[in-house]
Amino acid sequence: MKHRIVFETLPPSVNARYGVFNGRMILKAEYRNWLLWRSREIYAFCQEKNITPIEKYTVVELFWTLPNHRSDHHNFEKPVFDAMQRGGVFKNDRYILNRTMEVKFSDKGFLVAEFEIEGRE
């Protein structure tokens, strides 16, 4: 069965993920907040669709709509995969085989992630 998750806001770029505090690298508040809210939304989605964490390699097709031509969609992937893991789609994000299907541009950036779970209805 094919599932679709829509990320209505793009995550902070992986380039802006860490800050330095007292000589230590920590996740920035913007990243932590985005990850918290997206993973909660994904958790609710998994509960509604009765999805248990996937423990095998699975293709996730990504359809990007970026706010401008300077955006690098590769820098947005890791936060999305972290949210999918924390939300309960995947046991570990190493099982995600990402496939970028489309990149287009619009004033409002968002992402559609599609994945198929074999043998489940």
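Per this entry, L62 is counted among residues that are in contact with a His (Cβ under 8 Å, 6 or more places away or on another chain) and not in a helix (DSSP H, G or I). All of (1) of a type in the set (D, E, K, R); (2) modelled with pLDDT of 95 or more; (3) over 13 Å from the mean Cα position of the chain (by Cα) hold for E116 with one exception: (2). Quick one: I42 ticks every box in (1) within 12 Å of V80 (Cβ to Cβ); (2) modelled with pLDDT under 90; (3) among the aliphatic types (A, V, I, L, M) except a single one, so which number is it? Here I42 clears every test but (2). Among the residues of the range 24-43, is any aromatic (F, W, Y), in a strand (DSSP E or B) and touching a helix residue (DSSP H, G or I) at 6+ places or on another chain (Cβ under 7 Å)? Looking through the range 24-43, none of the residues is aromatic (F, W, Y), in a strand (DSSP E or B) and touching a helix residue (DSSP H, G or I) at 6+ places or on another chain (Cβ under 7 Å).
Residue-wise test of (1) small (G, A, S); (2) touching a Ser or Thr at 6+ places or on another chain (Cβ under 8 Å); (3) closer than 21 Å to K91 by Cα.
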residue: M1; (1), (2), (3): no, no, yes
residue: Y18; (1), (2), (3): no, no, no
residue: I42; (1), (2), (3): no, no, yes
residue: E48; (1), (2), (3): no, no, yes
residue: I51; (1), (2), (3): no, no, yes
residue: K56; (1), (2), (3): no, no, yes
residue: P67; (1), (2), (3): no, yes, no
residue: N75; (1), (2), (3): no, yes, no
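In summary, V80 fulfils each of the numbered conditions (1) buried (at least 17 other Cβ atoms within 10 Å of the Cβ); (2) β-branched (V, I, T); (3) farther than 14 Å from F110 by Cβ with the single exception of condition (3). The single residue among E114, E61, E102, E48 that is without any contact (Cβ under 8 Å) to a residue 12 or more places away in the chain, surrounded by fewer than 19 Cβ atoms within 10 Å (Cβ to Cβ), under 18 Å from R4 (Cβ atoms) and of a type outside the set (A, V, I, L, M) turns out to be E48. Condition test on L66, is it surrounded by 16 or more Cβ atoms within 10 Å (Cβ to Cβ) and of a type in the set (A, V, I, L, M)? Criteria met by L66.
Name every residue in the range 72-99 that is small (G, A, S) and free of Cβ contacts under 8 Å to residues at least 60 places away in the same chain, in order of residue number. Listed by number, the residues that qualify are G87, G88. Counting the residues of the range 83-99 that are farther than 14 Å from I51 by Cα and buried (at least 18 other Cβ atoms within 10 Å of the Cβ) gives 4. Looking at the structure I just gave you, is K78 basic (K, R) and either within 14 Å of V6 (Cβ to Cβ) or within 13 Å of the chain's Cα centre (by Cα) (or both)? So K78 fits the description; yes.
Restricting attention to the range 12-30, which residues are loosely packed, with under 14 Cβ neighbours inside 10 Å, of a type in the set (A, V, I, L, M, F, W, C) and either touching a residue at least 60 places away in the same chain (Cβ under 8 Å) or touching a Pro at 6+ places or on another chain (Cβ under 9 Å) (or both)? Within the range 12-30, none qualify.
The values are calculated or read from the model by the stated rules, or taken from the named source; none is laboratory data. Since this is a predicted model, take the numbers as computed values, not measurements. Here Cβ is always computed from backbone atoms with ideal geometry, including for glycine, and neighbour counts include all displayed protein chains.
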